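Asker: Sharing a structure here in structure tokens format.
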Amino acid sequence: MSLPPGFLDELRARVTLSSVVAPRVTWDMRKTNRARGDWWAPCPFHQEKTASFHVDDRKGFYYCFGCHAKGDAITFLRESEGLDFMEAVRRLAESVGLSLPAPDPESRQRADRHSRLVEVMEEAVRHFRLQLKSARGAAAREYAAARGLDAAALERFEIGFAPNERSGLLDALTGRGIALEDLVDAGLVIRPEDGHAPHDRFRGRLMFPIRDARGRAIAFGGRALDPTAPAKYLNSPQTLLFDKSRTLYNHGPARSAAARGAPVIVAEGYMDVIALVLAGFEAAVAPLGTAITETQLELLWRLADEPVIALDGDAAGRRAAQRLCDLALPHLAAGRSLRFLLLPEGSDPDDLIRAEGAAAFRRLLDSALPLADLLWRSLADGQKLDTPERRAAFDRLLRETLRRIRDPDVRRHYADDFAARRRALLAPAAAPPRTRHQRHGNRRPAGRRGPWQAPPSPAPETRLSILAREISDYQLEEATREAAILAFLLTHPWLWEEFEGPLHDVEFTRPEHARIATALFRHLARGMMERETLRITLEREIGADPLEKLFARKHISIAPAIRRPENRETARQSLVEEIARLSALRGALREIADAGEDLSGVSNEGLTWRLREAAEARYRAVAAQLAATREENDDDSSIGPYLQALLDSHDEERRKGKNRS
């Protein structure tokens, strides 16, 4: 069966290699760096005890340093399961929802056409390079030299020249037997619709070949030598080979350099990329004169966790940075972000390097701004927050921005970051010196007539004591969530295969929970999935008492996931909810802790009151949510008691807190 051009590239881009490999290996989490897509395990192709099998999700390749097995996702399926090529492709396509094209003569013809046009483009590359070296290319060589391109640079980037002739390329390539139709389809020749004679698309221009990630010539970019030309840069049109929204200039060489540790830098155009590469920044790419697209952003993240976007420091550069922030927000994830290098106004990488050298650019690169910094600048700059209404509008803007971040962990950390920046932005100025009467407080001085005023606000230590009780209440619930997660996992070990990543991210703050989690995760990672065997093994290792205490908690003993272990969907949903609620709870704890720091400089009870009101509102919301869940599950007799136990536990702890106060 013949596959259409680009299908395998699309398949490899969608597949995460580690997910294909995972069922056949046990990851060594001590060596693995999940955030970077860097995985290690004992090799599945030969017997070994050490983790010498390496999977690189970013590149999509695996390699064993013991037996030297290597390949991509397709190769792994073929070697590990004995599949033929098309069966492996079909299996992967189904796993990512990609429809396998039906075999037909048209697909074969399209593939043949694709190969033919690549050959035509290579002929054009050779033709333009010869023209640059000819007598007619003298002016173009002088221009290139003035831009810092010596003979070695021209050779390295295969730069050529298109003379200002109507049909120079057309005549040369048709003279070598290339059909006019091929030249038109490759975007090299224009055939006017009015019936006039076909003519070259590129004339009087320095020519930059554009190659795909595999090194095949697919398009050209032409830089006009005449300063009066209507378009300074001209790119090939969209063709069977070329889609500018899915292409990066210098992609292939940049990928190799990034694998060696070079920083990935995104510049605006060809000359910027070439200047950066010649200055030693070899992982430089450009989006071909257009705003970066989602597809290009995904390509960049396959090169590096945090590509650096080099932009002009003028208003246009700032607008471009804002557009890119907006584009990136929904796609942010752990280990996947951007940094921004803002150049001096009116300067681009090529100008800066030629004027001040590579060291000057390196200094700017080292001080590139994280996306969070640039995003905050775009949100806060120019804001007037001198009224409650304006502050409320600003808060709404922050909330709307946060909602655009899909990843819950990243969204939570951005919320923390925004909260800290907002507090700094709205921090009141230092209070002026108090008058003699103010030093007496708000009480009426003895022997004086006047209206009665309220006594002074509680001292900071009093307010902090109130806040500490709020934190204590939250921490009790935190322990409850931790215990539930461990109990559900002990009862349903199969959940490990689906939730290994999120479970590794859970921090167990109670020492007894941490002991259970450490031992439990270790045995699950080794494939111990039989419930009774797992329980006996843990009891031998850490004792029976911690496990008995875990399951003795009332809300756990009557939880649907525990009472009805045969219901896998209930168990799965219960674990999802506990992990999500624990994450939200810890976000609230951080907010309260931050507020506690602020209390030392607050001279009234207002902040404490707001915090307690927020806490009460949160508990009311939880109660309403649980009640709604109970109504939705009124046909499940085991759900109601479980939810009621949670509510009863909360009420009891709240009563204890009030008695303590």
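Asker: For region 70-99, which positions are assigned to a loop (DSSP other than H, G, I, E, B) and over 26 Å from Trp301 (Cα atoms)?
Answerer: Narrowing region 70-99 to residues assigned to a loop (DSSP other than H, G, I, E, B): 72, 82-84, 96-99.
If the condition is that a residue be assigned to a loop (DSSP other than H, G, I, E, B) and over 26 Å from Trp301 (Cα atoms), then Gly82, Leu83, Asp84 are the ones that fit.
Asker: Please determine, by comparing only the residues of region 282-332 that are of a type in the set (A, V, I, L, M, F, W, C) and assigned to a loop (DSSP other than H, G, I, E, B), which one is farthest from Tyr414 (Cα to Cα).
Answerer: Selected residue: Leu288.
Asker: Only one residue in Ala186, Ala93, Ala179 is farther than 30 Å from Val277 by Cβ and surrounded by 13 or more Cβ atoms within 10 Å (Cβ to Cβ), so which one is that? Don't jump to the end; show me each part of the working.
Answerer: Numbers: Ala186 fails: farther than 30 Å from Val277 by Cβ; Ala179 fails: surrounded by 13 or more Cβ atoms within 10 Å (Cβ to Cβ).
Unique residue meeting the criteria: Ala93.
Asker: Let me ask something else. Counting just the residues of region 113-136 that are touching a helix residue (DSSP H, G or I) at 6+ places or on another chain (Cβ under 7 Å) and more than 27 Å from Ala355 (Cβ to Cβ), which one comes out surrounded by the fewest Cβ atoms within 10 Å (Cβ to Cβ)?
Answerer: Arg116
Asker: Pull out all pairs, ordered by first then second residue, where Cβ-Cβ is under 9 Å, the residues are six or more apart or on different chains, the first lies in region 159-184 and is basic (Lys, Arg), and the second is assigned to a strand (DSSP E or B).
Answerer: What qualifies is Arg166/His199; Arg166/Asp200.
Asker: Let me ask something additional. Here are some residues: Ala283, Ala315. Which one is buried (at least 24 other Cβ atoms within 10 Å of the Cβ) and either in contact with a strand residue (DSSP E or B) (Cβ under 8 Å, 6 or more places away or on another chain) or more than 19 Å from Gly60 (Cβ to Cβ) (or both)?
Answerer: Testing whether each residue is buried (at least 24 other Cβ atoms within 10 Å of the Cβ) and either in contact with a strand residue (DSSP E or B) (Cβ under 8 Å, 6 or more places away or on another chain) or more than 19 Å from Gly60 (Cβ to Cβ) (or both) leaves just Ala283.
Asker: Can we say Arg302 is at pLDDT below 90, basic (Lys, Arg) and within 30 Å of Leu154 (Cα to Cα)? If you could, list the steps in order and put the result at the bottom.
Answerer: On the way: at pLDDT below 90: yes; basic (Lys, Arg): yes; within 30 Å of Leu154 (Cα to Cα): yes.
So Arg302 fits the description; yes.
Asker: Here's a follow-up. Could you give me the residue pairs with C-beta distances under 7 Å whose first residue belongs to region 68-81 and is in contact (Cβ under 8 Å) with a residue 40 or more places away in the chain and on the phi > 0 side of the Ramachandran plot, whose second residue is hydrophobic (A, V, I, L, M, F, W, C) and surrounded by 18 or more Cβ atoms within 10 Å (Cβ to Cβ) wherever it lies, and which are 6+ apart or on separate chains?
Answerer: Filtered contacts from region 68-81: no entries.
Asker: Looking only at residues that are touching a Phe, Trp or Tyr at 6+ places or on another chain (Cβ under 8 Å) and assigned to a loop (DSSP other than H, G, I, E, B) in region 552-576, which one is nearest to Glu478 (Cα to Cα)?
Answerer: Ala559
Asker: Which numbered condition in (1) under 20 Å from the mean Cα position of the chain (by Cα); (2) under 30 Å from Ser115 (Cα atoms); (3) surrounded by fewer than 18 Cβ atoms within 10 Å (Cβ to Cβ); (4) among the aliphatic types (A, V, I, L, M) is the only one that Leu8 fails?
Answerer: Going through the list (1) under 20 Å from the mean Cα position of the chain (by Cα); (2) under 30 Å from Ser115 (Cα atoms); (3) surrounded by fewer than 18 Cβ atoms within 10 Å (Cβ to Cβ); (4) among the aliphatic types (A, V, I, L, M), Leu8 breaks only (1).
Asker: Sticking with this one: Output the number of the condition that Asp200 fails; it satisfies all remaining conditions of (1) at pLDDT 95 or above; (2) among the charged types (D, E, K, R); (3) surrounded by fewer than 20 Cβ atoms within 10 Å (Cβ to Cβ).
Answerer: Failing condition for Asp200: (3).
For every residue, the table says whether it meets (1) under 19 Å from Arg421 (Cα atoms); (2) more than 29 Å from the chain's Cα centre (by Cα); (3) crowded, with 19+ Cβ neighbours inside 10 Å.
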| residue | (1), (2), (3) |
| --- | --- |
| Ala334 | no, no, no |
| Arg339 | yes, no, yes |
| Leu343 | no, no, yes |
| Asp348 | no, no, yes |
| Arg377 | yes, no, no |
| Arg390 | yes, yes, no |
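Asker: To continue, here is another question. For region 511-528, give me each residue that is surrounded by 15 or more Cβ atoms within 10 Å (Cβ to Cβ) and free of Cβ contacts under 8 Å to residues at least 40 places away in the same chain. Give the steps one after another, and end with the answer.
Answerer: Going through region 511-528, the residues surrounded by 15 or more Cβ atoms within 10 Å (Cβ to Cβ) turn out to be 512-513, 515-517, 519-521, 523-525, 528.
Those that are surrounded by 15 or more Cβ atoms within 10 Å (Cβ to Cβ) and free of Cβ contacts under 8 Å to residues at least 40 places away in the same chain: Glu512, His513, Arg515, Ile516, Ala517, Ala519, Leu520, Phe521, His523, Leu524, Met528.
Asker: So which of Glu155, Glu193, Glu181 is among the acidic types (Asp, Glu), closer than 24 Å to Lys133 by Cα, more than 35 Å from the chain's Cα centre (by Cα) and not assigned by TED's automatic domain parsing to the domain that holds Leu365? Spell out how you get there, then give the answer.
Answerer: Details: Glu193 fails: closer than 24 Å to Lys133 by Cα; Glu181 fails: closer than 24 Å to Lys133 by Cα.
Matching residue, one of Glu155, Glu193, Glu181: Glu155.
The values are calculated or read from the model by the stated rules, or taken from the named source; none is laboratory data. Model, not experiment: these values are computed from the prediction. Using ideal geometry, Cβ is built from the backbone for each residue, glycine included, and neighbour counts are taken over all protein chains shown.
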